[in-house]
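**Student:** Following this message is one structure expressed as structure tokens.
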Amino acid sequence: MADILAAILILAGLFFYLAGSIGLLRLPDLYSRLHALTKADNLGLGLLVAGLAVHAQDLLTALKLVLIWLAVLAASAASSHLIAQHAHRQEAED
Amino acid sequence: MNSTSLLVFDVLLLVSILSLAWASLATRDARNSVILFMAFGLVLAVAWSRLMAPDVALAEAAIGSGLSGALLLAAVYRSRGQQPAAQQQSTGEHNTSAATVAARWAVTLLSAAVAGVLAWALLHASGSAPHDTLPLAIAANLDASGVSNPVTAVLLNFRAYDTLLELAVLLTAVLGIFALGPAAAGYRPAGPVFAGLTRWLVPLLILAAGYLLWAGAHAPGGAFQAGATLAAAGVVLRLAGRQHIGLPAGGTLRVLIAAGAGVFLTVGLVLFMTGRPFLGYPTAWAGTLILLIESAAMLAIAATLVLAFVGGRPQAAGTPAHTAGAKPVPGNPGKE
């Protein structure tokens with residue numbers, strides 16, 4: 001039962017990763033690419049982490065996985081903001 | 001997981017490592033090349049963990065990909081700041097002079113020769129002697145080493161001499177960095193988002209470094225991984241435009257840098273003078289001595305890596321960075 005739930009969550013996570021990657025490759029400009037990448041990948045990682053946490057041996061491992069997700073969330077939100085801000089400034093300079 | 005799906009995963013891993021390495025070398029733009037190199041390092045770290053070498057995987061991710069990437073990116077931005085943009089466009093085109101072609105061929109031949117020797121050594125080793133004698137010897141002596149992680153036992157006990165020399169290499173590197181003169185001024189202060197990230201990321205990195213150092217005795221980790229994580233905190237502070245990036249001033253900094261090799265050497269010499277072999281720890285004290293050496297090594301490694309990122313002798317305390325150093329490096333993601 002737990003295995004099936006884990007598999008569903010991980011597959012759902014992979015779907016969002018795929019969507020994010022297609023967005024990165026197909027969308028026209030930097031801002032929409034960032035939008036696709038950060039939103040889809042953060043959700044994808046969240047589902048992946050949820051799947052792995054269900055599959056984990058004990059509660060401590062599951063908590064560590066959730067902590068990793070939270071750290072990546074904050075770091076990727078901040079770094080995508082920095083990339084967008086930098087691009088915006090360069091456009092303003094040109 | 002069954003072996004077929006793992007084989008598919010391994011083949012995919014191998015293909016991505018080779019293609020990322022090729023893309024990184026073939027890319028003309030230096031910044032893209034560095035970014036591809038960082039991705040290459042991350043995938044390589046996954047490969048190391050697939051080879052059941054988590055210690056190497058941690059080191060590759062932290063040093064090989066993270067800090068080396070930060071160093072290379074800083075170098076790219078600095079070199080861009082020094083030459084006009086038009087000149088930079090042309091350097092890519094003029095790279096095909098006779099000397100460059102000759103150098104490329106020399107590097108190619110040398111790489112092929114190294115690959116040939118390695119392949120021959122692999123064939124030779126797999127055919128002849130049993131390859132598990134060394135792991136067995138380590139397992140047999142692990143109880144006397146003072147730690148239960150075999151990698152730390154080898155690095156800090158059985159082959160401690162090697163690690164001492166590695167720390168001496170780092171010390172020499174700092175001398176080179178100091179010889180570059182005063183460091184460039186820091187970046188401009190970060191905006192609210194990056195400053196907010198810094199506020200919780202830096203304590204988290206320091207905590208993670210302490211954990212890696214402590215865990216190294218019984219699990220993957222150790223002074224090098226911990227030092228790299230601690231240095232990452234310094235790099236983040238530097239990027240965020242902080243004046244104080246965790247490095248102490250003047251004399252204390254020198255002591256800190258020398259501490260890695262210094263404590264190691266002192267422990268070795270004290271043991272030598274009490275009639276033991278050089279770096280031959282008594283079993284009862286081995287764990288404590290290794291922790292002492294590793295703590296000093298972590299601080300020295302972190303200071304060295306941060307200094308490498310700063311790229312010169314840090315400014316004396318109280319000196320305004322904007323007047324004493326060179327101009328700020330352009331292209332900094334956190335500038336305001």
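**Student:** Consider B:Tyr187 carefully, then state whether it is of a type in the set (Phe, Trp, Tyr), buried (at least 19 other Cβ atoms within 10 Å of the Cβ) and assigned by TED's automatic domain parsing to the domain that holds B:Glu166.
**Tutor:** yes
**Student:** Continuing with this model, one more query. Let me confirm something: among A:Leu73, A:Leu43, A:Leu67, A:Leu60, which residue is within 12 Å of chain B (Cβ to nearest Cβ), farther than 30 Å from B:Arg188 by Cα and part of a helix (DSSP H, G or I)?
**Tutor:** Residue meeting the stated conditions: A:Leu67.
**Student:** Run down B:Val202, B:Val235, B:Val151, B:Val147 and say which single residue is within 14 Å of chain A (Cβ to nearest Cβ) and more than 15 Å from the chain's Cα centre (by Cα).
**Tutor:** Residue meeting the stated conditions: B:Val202.
**Student:** Can you tell me which residue among B:Pro220, B:Pro192 is within 14 Å of chain A (Cβ to nearest Cβ) and at negative phi? If you could, list the steps in order and put the result at the bottom.
**Tutor:** Working: B:Pro220 fails: within 14 Å of chain A (Cβ to nearest Cβ).
Exactly one of B:Pro220, B:Pro192 is within 14 Å of chain A (Cβ to nearest Cβ) and at negative phi, namely B:Pro192.
**Student:** Another one. Do you know which residues across segment A:77-94 are under 25 Å from A:Ala12 (Cβ atoms) and either surrounded by 17 or more Cβ atoms within 10 Å (Cβ to Cβ) or more than 14 Å from chain B (Cβ to nearest Cβ) (or both)?
**Tutor:** Scanning segment A:77-94 gives a single hit, A:Ser80.
**Student:** Out of A:Ala12, A:Ala36, A:Ala6, A:Ala19, report the one residue that is touching a Gly at 6+ places or on another chain (Cβ under 6 Å), more than 27 Å from B:Gly196 (Cβ to Cβ) and assigned to a helix (DSSP H, G or I).
**Tutor:** Going through A:Ala12, A:Ala36, A:Ala6, A:Ala19 in turn, just one is touching a Gly at 6+ places or on another chain (Cβ under 6 Å), more than 27 Å from B:Gly196 (Cβ to Cβ) and assigned to a helix (DSSP H, G or I): A:Ala6.
**Student:** Okay, next question. Is there a residue being out of contact with any Leu (no Cβ under 8 Å at 6 or more places or on another chain) and at pLDDT 90 or above anywhere in segment B:87-94?
**Tutor:** Within segment B:87-94, the subset out of contact with any Leu (no Cβ under 8 Å at 6 or more places or on another chain) is B:87-94.
Restricting the remaining residues to those that are at pLDDT 90 or above gives none.
Within segment B:87-94, none of the residues are out of contact with any Leu (no Cβ under 8 Å at 6 or more places or on another chain) and at pLDDT 90 or above.
**Student:** Residue under question is B:Gly181, and the condition is that it be closer than 27 Å to B:Leu265 by Cβ, touching a residue at least 24 places away in the same chain (Cβ under 8 Å) and either surrounded by fewer than 23 Cβ atoms within 10 Å (Cβ to Cβ) or within 18 Å of the chain's Cα centre (by Cα) (or both); does it hold?
**Tutor:** Spelling it out, it is not the case that B:Gly181 is closer than 27 Å to B:Leu265 by Cβ, touching a residue at least 24 places away in the same chain (Cβ under 8 Å) and either surrounded by fewer than 23 Cβ atoms within 10 Å (Cβ to Cβ) or within 18 Å of the chain's Cα centre (by Cα) (or both).
**Student:** In segment B:154-168, how many residues are under 17 Å from the mean Cα position of the chain (by Cα), more than 12 Å from B:Leu265 (Cβ to Cβ) and buried (at least 22 other Cβ atoms within 10 Å of the Cβ)?
**Tutor:** Count: 1.
**Student:** Here's something else I'd like to know. From A:Ala36, A:Ala50, A:Ala19, A:Ala71, grab the single residue that is closer than 26 Å to A:His86 by Cα, surrounded by 18 or more Cβ atoms within 10 Å (Cβ to Cβ) and without any contact (Cβ under 8 Å) to a residue 60 or more places away in the chain.
**Tutor:** A:Ala36
**Student:** Go through segment B:251-282 and count every residue that is in a loop (DSSP other than H, G, I, E, B) and in contact (Cβ under 8 Å) with a residue 12 or more places away in the chain.
**Tutor:** Looking only at that region, the number is 3.
**Student:** Which condition does B:Gly210 not pass, out of (1) within 13 Å of chain A (Cβ to nearest Cβ); (2) out of contact with any helix residue (DSSP H, G or I) (no Cβ under 6 Å at 6 or more places or on another chain); (3) without any contact (Cβ under 8 Å) to a residue 24 or more places away in the chain; (4) not acidic (Asp, Glu), if it passes all the others?
**Tutor:** Answer for B:Gly210: the failing condition is (1).
**Student:** Answer yes or no: is there a residue in segment B:270-278 that is crowded, with 22+ Cβ neighbours inside 10 Å and aliphatic (A, V, I, L, M).
**Tutor:** No: zero hits.
**Student:** I would also like to ask the following. Of all residues in segment B:209-230, how many are in a helix (DSSP H, G or I) and surrounded by fewer than 20 Cβ atoms within 10 Å (Cβ to Cβ)?
**Tutor:** At the first step, the residues of segment B:209-230 found to be in a helix (DSSP H, G or I) are B:209-215, B:223-230.
When the remaining residues are screened for being surrounded by fewer than 20 Cβ atoms within 10 Å (Cβ to Cβ), the result is B:210-211, B:214-215.
Adding up the residues that qualify gives 4.
The values are calculated or read from the model by the stated rules, or taken from the named source; none is laboratory data. Just so you know, these numbers come straight off a predicted model, no measurement behind them. Ideal geometry is used to build each Cβ from the backbone, glycine not excepted, and the neighbour counts take in all protein chains shown.
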